[in-house]
Structures are given as structure tokens and as C-alpha cells.
Amino acid sequence: SIGPDGTSAGNAYPNTKPYLSSAHTIDLTISNISGAGSTMTFDITFGSGSTPSPVATTSEPSAAPVIVTPSPSAAPVPITDAPTKAPSLASCGDQVCQVEEGEGCGLCPSDCFSPTNCNMISNESTSLVYSTSSFGIVFDVTVEMTTLYFYGLRLYLLQDTAAKVYMKSGSYTEDDNLLNWTKVFDGSISSSGSRQDVEFDTRFVAEPLSTVAFYVSFGTGGAFVYSRDGFSNGDATVAIGNTMREQTGNTLPSTSFANRAFYEGIKYDYGSSTTPAPTSSVAPSQSQSVSPTESTPAPTALPVSKLKVSYYAVSLNSLPTDGFGSFTPYKTDIIPTINYRAGGGAFATSGR
């Protein structure tokens, strides 16, 4: 019954008497009520409806009653120990390097150290060239048995320039549409000091035994130095690629010189189960051929700075007061750089 004193008859509910201030009675009938649900329909008739004879109320309600409880509208979410995979530096400084949680040697150097948590694969070739017709370089990197998080590059620049770095899963030969690549860096780089360390805006993860592609694009031709030799270490192999002409859109530009290699280093963090890689070594060079359709001149040889170095076979606890003038070097050589990585084997060109 809808009441106050009417009772239902089937699906009709008459004379609800909504006004109780006088003997006023409304001749109103509600009928054809649909079953209980989130949406219901019914008919309302005024004036000519008749009052049906009362019928007994059935014990089965048309809809289950809704109980209002004081419980919150949403259950509280329990806090779990499972770490989020979203990069977060909330724990940086706790002396625990959590690479997969967003830390790394670039993002959290207080917790992460080389070579335990990160490394750099370096091209130690001395066959260095540059060309004003080269505005960038594209190449593939094959990852070995450990997940790597690429986070930066070391470049050898000859002049200030704008630069963009793109990466993708798979070889660069599979897709030349840069809209399908991930742009990990976009900015200006100073050539001060020649060697420049560039950290990406976002890390790029590479799974074990996968191939990832790099495209480094510069705003100025001849701004960067490259090599003729591929290189590798125990973590990855950097294949020979191509230098590229000026980028003018979202497609890889045409090749400037084929069979050229990136120089100088690629930085990455290790996955949690990794071990340090051995000292890098120069990989065998691929055959170097120029496309028959290439009409540009051969690259100009780079005037690399030369440093004279002398090696002495002595055992000292401190430097001699009068210098090394009284010692005879067992070898004197000319080297292109003083930036040699620590590691096993012979140091620089010492042979020891």
C-alpha cells in the first residue's frame, strides 16, 4: 500500500491522499508498475479511476530493502609491501640502489655506483672522422643476457648544437617513421670540453637478447665525431650504422655515409640480477663500402688532438722531488685522449 490508508490491488494503488490538512481527497491511481530494478515505469491516472477492492498483501516484497549503514562509501585500500613500478625517487639516499623503481647512476648517484649498478659501453677506436654533410647517426644495439636501462650518451662534439635522441625496440631498418620511436632527449648541447655527457629525459628499457635502435640527430652538420669501428662489451654490442643527412620531418633522413659507427659511449643501468661487465673491446669492423649512388665526397679526417706520453717501469710510493728527468722511459707514444677507463689488461698503449 502507498497509503496513508489505501491498499494495493494487483498493480494498481488508488487514492493516496497526499493532502492531509482537510477532508480533501485526490482521485489518483498508479498502475502498470514494472518489476523492481535500477529503472522502473508506471502509469498515473487522475479523475476516473475506481477504488478496487482490497487484497491481501503478499509476503514477497517487490524489491529487497536497502539498508543504510554508517560504513564509508569506499572500502579502505590496504597498504602492501609490493613496490610500484612507476619511477620514484622517494627512497633515494637509503644506500640501496633500486634500478627498477626509477633509481640509477644518473638519477640517484648517492645509492647507485659504477660498475656495480651501471656501466658505459665505449668506442675506443682511433679511426675517427667527421663531415659537414653528416647531421646525425643511426645504429642498432644488441643486448646480451641482462636487462639494461639506457639513460645517456657521451658525445664528442666539435661545436655547439641542438640535438635529439630517438630510440625504438627492434632494428632501425624496420621502421623509418619517427612518430613510432620514443624521443628520449631534445635540447641544446655545448661543445665545451669536447666530450659531453647527455642524460636522457626518460630511460629506455631493453630486455635480454633484444635489439634496440638509436637515432641521434643534430641541428648542425659536422658538429659531431664518429668512427668506422663497431664495439662491444659483455652487456651489449653496438653495430655499425649510417650517418644521416639533415632531419626535416618525422621520417629518418637519407644516408650521408654508410658503414659508420657511433662515438663515444652509451650509458645504462643494470637490471637487479646483473653482474658487472668485462672491460670493453673493439669489435671486428664490418666491411666498409660506399653506396654506388652516393655522390658526396669522402669524410674529412678529423684533426684529433695528440698527447705525448712516456711510460716508466718504476715502483714508487710518492712522486720524485726532481720529477722524472732522472728516469728513462721504456716507451714513448702519442695518444688521442687521457680519458681511459679503469679495468683489467694493458693500460692505454703501455703494453702492461
Quiz item: Using mean Cβ contacts within 10 Å as the protection proxy, how do 233-244, 323-334, 122-133 order, highest first?
Solution: 233-244, 122-133, 323-334
Practice problem: Find the accessible area per residue for the range 104-224; the probe is 1.4 Å, ligands and nucleic acids are left out, and the unit is Å². | Solution: 39 Å²
Practice problem: Express in whole angstrom the spacing between the alpha-carbon centres of the range 171-227 and the range 107-144. | Solution: 10 Å
Practice problem: First compute the accessible area of the range 182-269 with a 1.4 Å probe, then give the percent of it belonging to carbon and sulfur atoms. | Solution: 40 percent
Practice problem: Would you please give the FRET efficiency between Leu158 and Asp201, computed as 1/(1 + (r/R0)^6) with r the Cβ-Cβ distance and R0 = 22 Å, to the nearest 0.05? | Solution: 0.35
Quiz item: Which ³J(HN,Hα) values, rounded to whole Hz and listed in residue order, are derived for the range 112-121 from phi using the Karplus coefficients 6.51, -1.76 and 1.60 in 6.51 cos²θ - 1.76 cosθ + 1.60 with θ = phi - 60°, glycine and proline given as x?
Solution: 10, 9, 8, x, 6, 10, 7, 7, 9, 8
Practice problem: List every residue whose amide H lies under 5 Å from the amide H of Gln98, counting only residues 5 or more places away in sequence or on a different chain, with H placed 1.01 Å from N in the peptide plane. | Solution: Glu103
Self-check item: Proximal aspartates and glutamates to Lys164, defined as alpha-carbon separation beneath 13 angstrom and excluding residues fewer than eight positions away on the same chain
Solution: Asp186, Glu199, Asp201, Glu246
Quiz item: aspartates and glutamates near Lys308 by alpha-carbon distance under 19 Å, same-chain residues fewer than 8 away left out - which ones?
Solution: Glu124, Asp333
Quiz item: What length, rounded to one decimal in nm, is gained on full extension from Ala258 through to Ser192, with 0.36 nm per residue of separation minus their alpha-carbon distance?
Solution: 20.9 nm
Quiz item: For the pair Ser315 and Thr182, how long in nm is the line joining their label points, each one 7 Å along Cα→Cβ?
Solution: 5.2 nm
Self-check item: Principal axes of the range 100-196: Cα extent on each, largest first, Å
Solution: 41, 36, 27
Self-check item: q = 0.11, 0.18, 0.28 Å⁻¹, the range 189-264: log10 I(q)/I(0) [Debye, one scatterer per Cα]
Solution: -0.34, -0.97, -1.44
Quiz item: Between Asp322 and Thr41, what length comes free when the chain is fully extended (0.36 nm per residue of separation minus the Cα-Cα distance, one decimal in nm)?
Solution: 90.5 nm
Practice problem: Calculate, for Asp94 and Ala346, the FRET efficiency according to 1/(1 + (r/R0)^6) with r their C-beta to C-beta distance and R0 35 Å; round to the nearest 0.05. | Solution: 0.35
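The values are calculated or read from the model by the stated rules, or taken from the named source; none is laboratory data. Given the structure is predicted, the values throughout are model-derived calculations rather than measurements. Ideal geometry is used to build each Cβ from the backbone, glycine not excepted, and the neighbour counts take in all protein chains shown. With ligands, DNA and RNA removed, areas are computed over all heavy atoms of the protein, side chains included. Shrake-Rupley method; radii C 1.70, N 1.55, O 1.52, S 1.80 Å.
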